[in-house]
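Below is one structure, written out as structure tokens; comments come after it.
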Amino acid sequence: MSAAFDEKVHNTLADANLQLAIYRATARLIDHRKHAVTADALPDYQELRTEANAIKRHTIDHLDHYLEQFEANVTAHGGKVVWCQDATEVADFVLGLAKERHARLIVKSKSMTTEEIDLNERLEHHHLESVETDLGEYILQLAHQRPYHIVAPALHLTRYDVGDLFARTLGVANETAVEKQTLIARSVLREKFLAADIGISGANFLVADSGAVLLVENEGNARLTTSAPRIHIAVAGIEKLIPRAQDLAVFLKLLGRSATGQALTVYTSFLSGPRRTGEIDGPEEFYVVLLDNGRTKLLADSAKRESLYCIRCGACLNHCPVYRKIGGHSFPWVYSGPIGAIITPQFLGVKHEPALPFASSLCGACAEVCPVKIDIPKILLDLRAEVKQDERRDGRGRMERLVFKLWAWVMCHPRIYEMAAMVAAGVAPAENGAWLRKAPALMDVAPVRAWLSQRDLPPAPPKSFRELWRKR
Amino acid sequence: MSREHILHTVRTALGRSAGQAIAQPPPVRLRLPEVDLESRVTSMLSRVEALAGKTHRAATAEDARGYVSTVLAGRSAVASNAPFLRECGILSLPGVQSGFTDAAELRALCATVHVGITSADYALADTGTLVMLASPAEARLISLLPPVHVALVPAGRILSGLDELFTILPHPAAQTSSMVLITGPSRTADIEQILVRGVHGPGEIYVVVVG
């Protein structure tokens, strides 16, 4: 475990207010989802999950075909597809276009993909103002923080934090009523919307047979971002494709319910190209940036390819006992929770944070609530194996391997196991549980000390199971 | 070039060659329940109410006009160019401006008036959703910039739900550059999960079902 990961985890655990905030927010989201997917509310929920998985599997397995079909349809509607391999190419494209069109102000709607490539920072570095407009994202931009959660980005902040932040950064009175804070943000951002030259959105889905970008949201900021400025740029990972507009009947029923328990979010925008002849408003130019940024690496691994099915609903975060303790900022990259634990090592390499695939109890809650049925625990196990192989290549972990070899050997030889157990039982006191911890020689070995800091062996029973079995 | 590079990498990863045929995608899954008109209307109205929207069932165009007049209460409004609004006599209500075809002019007005009045191409009964297709009759910003949105929908336009919408409109992009589904007033819960309505879009929504 890296020192940074360790420190963030411990700081989060030690912060009682933060623990309460995470617990409350995730509990509420769990509850909302639960009511939205009951047999009464959505009788064919499980069928829809199976269907969503099948559609995603088919699309990802034929991704080249759907990417080309999508591009052809965007072009047919007067839009343009821009292919980018990495963050630099996206920033170069946006900066180049802004320069050509003399654009000075960009409004942005929430997008994890643009967080992934630090787009705002890259644009600001070139003196191009790029303003987040989702309330939570706007707060985080002012606070210079990254999202704490995929769908509830500012869940770790209280209204008092927001009041202080607005007073400090916007020069307004310190308001602690959430309604008033929302109004402050509304009026500041309304000016930005009306003055902006470019709107940048993400995409929840890219629809191949329509050349369309689909966006779901509750605030209306994504609609404004894609309707008010004269240029709309959607930035999306190549895995966001689905084949047909009709497939949305499956995905839209799952996404809102899994994320926030809503049958549909307040706004669902299906956008295909710039304003057409006769249409009164809407952007004059429409671009879709198709971003790789490591996704093709995941695609090449057929065992873990399903990581790309994710529709970013955040349900796995809410239901994860580890996320609910260590929070979003402990994770080493923008994607947190179980989905972050499986995609971060695949995007950035297992060396980036080798402890990540191990930061799970493998309880399986994530897989159970995943609307597209990604087998997250299985992928975590695969990644653990990769971490260990990586250690082996580097000549590390010899002692661990030796211990496990010895353990395996003992487990394969019942007589020896029994003898070892008898010896251990002879040494162990019958009363006190915390007995290994009292052995100073053991506590001198760092890994053993770390292990024993949280747990110990229970006291030995008077008779072993084997003895009882023989005398039954 | 990035396009060729990405496509090549994708194909290599999948073991596919350029232009190779694809397997059949899973069949489209659309289920159409039998729901009679009255049940659709009832469901639509109750779903909108559950989302804190206001509703009215108008028997006639005149009834609809009277209700909208009460909602406006003399406040300024922009109405879309939908023929249905003219049929309902909305355009002649005091304070209502309409007939805009210039984007800049419309936008400036939408940013200052109190109420935006539109029709809706369809509505979805099971979720209380308005379906709006951008066209010469319906601009995007009328249902978005003013703090209040009033929508008049003919009862016959209420569909059972998403599955019926995508059965009727298998290719929305063939008709419009923008199809928006509106389900209740604009809302946020980004601060301490406390629900606040009207953050960027309208905080109040009125759905008038006519007929």
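Read-outs: derived from the displayed coordinates by stated rules, not from any lab. In this text, all values refer to a predicted model and were calculated from it rather than measured experimentally. We place every Cβ from the backbone using ideal geometry, glycine too, and count neighbours over all the protein chains shown.
Its relative contact order, with pairs defined as Cα atoms under 8 Å and 6+ residues apart, puts segment A:168-247 at 34 percent. For chain A, the 222 nm mean residue ellipticity estimated from helices alone, with every DSSP H stretch of n ≥ 4 adding -39500 (n - 2.57) and the total spread over all residues, rounds to -15500 deg cm²/dmol.
So what is the relative contact order of chain A, in percent, for Cα pairs below 8 Å that sit 6 or more residues apart?
Values: 739 pairs, mean separation 87.3, N = 472.
Worked out over chain A, it gives 18 percent.
What shape does chain A have by the C-alpha gyration tensor, where a ≥ b ≥ c are the square roots of the eigenvalues, rounded means a/c under 1.5, and otherwise prolate means a/b greater than b/c and oblate the rest? Prolate, because a/c is 1.5 or more and a/b exceeds b/c.
Please tell me which of these pairs span more than 23 angstrom C-alpha to C-alpha: A:108/A:253; A:297/A:388; A:405/A:438; A:180/A:253; A:56/A:304? Exceeds cut-off: A:108/A:253; A:405/A:438; A:180/A:253. Taking 0.36 nm per residue of sequence separation and removing the Cα-Cα distance, the residue A:158/residue A:398 pair yields an extension gain of 81.7 nm. Checking the Cα-Cα distances for A:8/A:99; A:34/A:378; A:34/A:325 against a 30 Å cut-off, the pairs over it are A:8/A:99.
Please go through segment B:20-111 and write out the trypsin sites (Lys or Arg not before Pro) that DSSP classes as loop and that have at most 15 other C-beta atoms within 10 Å. Show your work: numbers first, answer last.
On the way: sites: B:29, B:31, B:40, B:47, B:54, B:57, B:65, B:75, B:86, B:107; in loops: B:29, B:31, B:75.
Here the trypsin sites (Lys or Arg not before Pro) that fit, given the DSSP loop and packing criteria, are B:31, B:75.
For chain A, the longest principal axis of the C-alpha atoms and the axis of helix A:159-170 are separated by about 40°. The aspartates and glutamates within cross-link reach of residue A:471, meaning a Cα-to-Cα straight distance under 17 Å and a gap of 8 or more places when in the same chain, are A:418.
Shape class for segment B:41-186, computed from the alpha carbon gyration tensor (a ≥ b ≥ c): oblate, with a/c not under 1.5 and a/b at or below b/c.
Rounded, prolate or oblate, given the Cα gyration tensor of segment A:399-470, with a/c below 1.5 counting as rounded? Provide the component values of the computation, followed by the final result.
Numbers: a/c = 2.58, a/b = 1.21, b/c = 2.14.
Oblate shape, in that a/c is at least 1.5 and b/c is the bigger or equal ratio.
With the helix formula -39500 (n - 2.57) applied to DSSP H stretches of n ≥ 4, chain B reaches a computed 222 nm mean residue ellipticity of -8000 deg cm²/dmol.
From the residues A:411, A:149, A:376, which one has its Cα farthest along the dipole of chain A in the positive direction, the dipole being from +1 and -1 charges on Cβ of Lys/Arg and Asp/Glu about the Cα centre? Of the candidates, A:411 comes out farthest on the positive side.
For Cα pairs less than 8 Å apart in space and 6+ apart in sequence, what is the mean separation divided by the residue count of chain B, i.e. the relative contact order in percent?
It comes to 26 percent, rounded to a whole number.
Helix A:337-348 and the long axis of chain A differ in direction by around 80°, with both axes built from C-alpha atoms. Against the longest principal axis of chain A, how steep is helix A:87-100, in degrees 0 to 90 to the nearest 10, with axes from Cα atoms? Helix A:87-100 sits at roughly 10 degrees to that axis. Taking the Cα centre of chain A as origin and assigning +1 to Lys and Arg Cβ atoms and -1 to Asp and Glu Cβ atoms, the resulting dipole is close to 1980 debye.
For the protein assembly as shown, the cysteines with no partner cysteine C-beta closer than 4.7 Å are A:84, A:310, A:313, A:320, A:363, A:370, A:412, B:88, B:110. Were the residues from residue A:19 through residue A:46 laid out at 0.36 nm apart, the gain over their Cα-Cα distance would be 6.5 nm. Distance from the C-alpha centroid of segment A:8-86 to that of segment A:109-151: 19 Å, rounded to the whole angstrom.
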